[in-house]
Amino acid sequence: MVVGVIVWSSRRSSRQQTARDELVPRAMQLIEEGDYAAAFAAATEAAKYLPDDPVLERLWPQMSSRVSIHTLPPGANVTYKEYGDVDGPWIPLGTTDLESVRLPWSKFRWRIEKDGFAPVELASAVAPELFALHRGNAIRVTLDPRDKVPPGMIAVDGGTYGTPAIPLTGIPPLRPVELERYYIDRTEVTNRQYKEFVDAGGYSHAEFWQYPFVRDGKTLEFKDAVSGFVDTTGRPGPSTWELGSYPKGRANYPVGGVSWFEAAA
């Protein structure tokens, strides 16, 4: 037992020395380089052996902030990963509601899941408190029952959206706007999807076009207005298409070359 205690103590002392001599300086260097995620990882490893180290305590606010995640209803599992790490594993963070969880300054992908509810994936940055704007480093998500969400769509919570003036930058505030909760397509409308509208005669059915066509202060008739919405060969469709179709190999690309009126229709 005595030998075991001596060996354990020796190993712990060695790890503490490594943390103090290597990991903490590495975290400081990475902060200087602006690699806050890597600095946070080095500091987190060092903190296992130096839990009350005063140098580490001074470093945390230089690379990380506190984050809170709330869901309605609570009890959802939260995982996350670096935004650019598309194929990387999801890292477990905990179950909502989560309060003041420390994470490095970076942009993250978040996945929020609860049995019986549609999973939510979103992107949000963890920023220095000075630049965290009106919502701070807080994520609030309302979960929808799985069978209530339209296919291919996601919900956006309503509320007040806008930004205050950002200190020290001279950037003025944006006027707050009140939005009701709404659904939006998860991805842009693709060329393939838009072609279904074109092939179904969308440009010849006036009932799809609900907004008046105004040009130079004059309201145009339907047939006169849509006659200008043509592709490079004069056929109805987006201005970037040819012969009534999109470029080869671009079926899943977002459709482009459409006016606001075409998008609405």
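The values are calculated or read from the model by the stated rules, or taken from the named source; none is laboratory data. This one's a predicted model, so the numbers in the text were calculated from it and none came from an experiment. Glycine gets a Cβ as well: all are built from the backbone with ideal geometry, and neighbour counts include every protein chain shown. We work out accessible area using only protein heavy atoms, side chains counted, and drop any ligands, DNA or RNA first. Shrake-Rupley method; radii C 1.70, N 1.55, O 1.52, S 1.80 Å.
Spin-label model, Arg102/Arg58: points 7 Å from Cα along the beta carbon direction are separated by 1.5 nm.
Taking 0.36 nm per residue of sequence separation and removing the Cα-Cα distance, the Arg215/Trp90 pair yields an extension gain of 39.9 nm.
Starting from the Cα gyration tensor of the range 21-163, take the square roots of the eigenvalues, sort them a ≥ b ≥ c, and report rounded, prolate or oblate (rounded when a/c is under 1.5, otherwise prolate if a/b is larger than b/c, else oblate). In terms of gyration-tensor shape, prolate.
Set against the labelled values (1) 89, 53, 36; (2) 93, 43, 37; (3) 73, 52, 51, Cα extents along the principal axes in Å computed from this structure falls on (2). In the neighborhood of Arg215, defined by Cβ-to-Cβ distances under 12 Å, what is the net charge if each Lys or Arg adds +1 and each Asp or Glu adds -1? Residues near Arg215 contribute -2 overall. Amide H contacts of His205: none lie under 5 Å away among residues 5 or more positions distant or on a separate chain (H built 1.01 Å from N in the peptide plane; Pro and chain starts excluded). Amide H contacts for Ala125 (H built 1.01 Å from N in the peptide plane; partners 5 or more residues away or on another chain; cut-off under 5 Å): Phe108. Between Arg186 and Ser239, residue separation times 0.36 nm minus the direct Cα-Cα distance comes to 16.6 nm. Computed on protein heavy atoms with a 1.4 Å probe, the accessible areas place Arg181, Arg175, Arg102 in the order Arg175, Arg181, Arg102, largest first. Solvent-accessible surface of the range 13-136, averaged per residue with a 1.4 angstrom probe and all protein chains in place: 55 square angstrom.
Across the range 32-168, C-alpha contacts under 8 Å between residues 6 or more apart give a mean separation that, scaled by the residue count, equals a relative contact order of 23 percent. The distance linking the range 28-53 with the range 186-219 is 54 Å (Cα centroid to Cα centroid, whole angstrom). For the range 78-163, which whole-number percentage of the solvent-accessible area (1.4 Å probe, protein heavy atoms only) is attributable to carbon and sulfur atoms? Answer for the range 78-163: carbon and sulfur cover 55 percent of the accessible area. Amide H to amide H, with H built 1.01 Å from N, Ala118 comes under 5 Å of Asp144, Arg146, counting only residues 5 or more places away or on other chains.
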